[in-house]
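Chemist: Handing you this structure, nothing more for now.
The values are calculated or read from the model by the stated rules, or taken from the named source; none is laboratory data. Since this is a predicted model, take the numbers as computed values, not measurements. Note: ideal-geometry Cβ built from the backbone for every residue, glycine included; neighbour counts use all protein chains shown.
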Amino acid sequence: MKNYLLILVVCCIATRFASAQDVIVKHDGEKLHVRVNYVTESTIVFTNPVDSHSDKLGKAEVEKIVYQSGRVEPISKKVEVHGKKDWEKIIVTSNPLSVVGLIKKGEIHVKSAHHIDGIANMESREVEKMKKQAAEMGAHVIVLSGYDARHESLKTNDQIVVAYGYE
């Protein structure tokens, strides 16, 4: 009888711990039942309750977090790009933290008459050309690299833009 009571208590405790989890919903539909430790500008740090191992995901991979309390925190919207026709959906950023967790799809070499120091200073045809190339690669984000606000210009007019996507 004592063994049954002990088993019942252990099952109740295990059920409580199993249900007291947060759920991370990724853009690919995968759901991770974990304990979210904290969220930074670019990552979500969590602990797997099975083995107490800490891990992290890039926020760009995650749609939302559903906390055990029931609160839902939207993280990022999925950008669907299905070829060159979706070029307008491509996100342009100079912040490398916005692509943490994404896969590098390729590089786009841009010849520009001026240094790429932000989307506001680029001509619309340059932006369109980069977005179309990124869309052909299956990317949904391009990062303007080589920008350093401390330097007014670079010695070369060749710029590299890196394209990133989900898979």
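Chemist: Applying the selection to segment 44-82, what residues are in a loop (DSSP other than H, G, I, E, B) and in contact with a Phe, Trp or Tyr (Cβ under 9 Å, 6 or more places away or on another chain)?
Modeler: Listed by number, the residues that qualify are PRO49, LYS78, VAL79, VAL81.
Chemist: So, one more: Just checking, does segment 46-54 include any residue being outside the structural domain of VAL143 (by TED's automatic domain parsing), out of contact with any helix residue (DSSP H, G or I) (no Cβ under 6 Å at 6 or more places or on another chain) and among the charged types (D, E, K, R)?
Modeler: As a first pass, look at segment 46-54 and keep what is outside the structural domain of VAL143 (by TED's automatic domain parsing): 46-54.
Subsequent filtering for residues that are out of contact with any helix residue (DSSP H, G or I) (no Cβ under 6 Å at 6 or more places or on another chain) retains 46-54.
Restricting the remaining residues to those that are among the charged types (D, E, K, R) gives 51.
Within segment 46-54, one or more residues are outside the structural domain of VAL143 (by TED's automatic domain parsing), out of contact with any helix residue (DSSP H, G or I) (no Cβ under 6 Å at 6 or more places or on another chain) and among the charged types (D, E, K, R).
Chemist: Another question, then. Please pick out the residue among VAL62, VAL92 that is assigned by TED's automatic domain parsing to the domain that holds SER124 and either within 26 Å of ALA135 (Cβ to Cβ) or in contact with a Ser or Thr (Cβ under 7 Å, 6 or more places away or on another chain) (or both).
Modeler: Being assigned by TED's automatic domain parsing to the domain that holds SER124 and either within 26 Å of ALA135 (Cβ to Cβ) or in contact with a Ser or Thr (Cβ under 7 Å, 6 or more places away or on another chain) (or both) holds for just one of VAL62, VAL92, which is VAL92.
Chemist: Is it fair to say SER112 is modelled with pLDDT under 90, under 20 Å from LYS78 (Cβ atoms), surrounded by 14 or more Cβ atoms within 10 Å (Cβ to Cβ) and of a type in the set (S, T, N, Q)?
Modeler: Criteria not met by SER112.
Chemist: Right, LYS84: touching a strand residue (DSSP E or B) at 6+ places or on another chain (Cβ under 9 Å) and among the basic types (Lys, Arg) or not?
Modeler: Here the answer is no, as LYS84 does not meet what is asked.
Chemist: Under 9 Å between Cβ atoms, at least 6 apart or on separate chains: pull out the pairs that start in segment 68-83 with a residue that is farther than 12 Å from GLY165 by Cβ and end on any residue that is loosely packed, with under 10 Cβ neighbours inside 10 Å.
Modeler: Between residues of segment 68-83 that are farther than 12 Å from GLY165 by Cβ and residues that are loosely packed, with under 10 Cβ neighbours inside 10 Å, the close pairs are GLN68/SER19.
Chemist: For segment 129-151, does any single residue satisfy the condition of being touching an Asp or Glu at 6+ places or on another chain (Cβ under 8 Å) and at pLDDT below 55?
Modeler: Checked against the condition, which is being touching an Asp or Glu at 6+ places or on another chain (Cβ under 8 Å) and at pLDDT below 55, segment 129-151 yields at least one hit.
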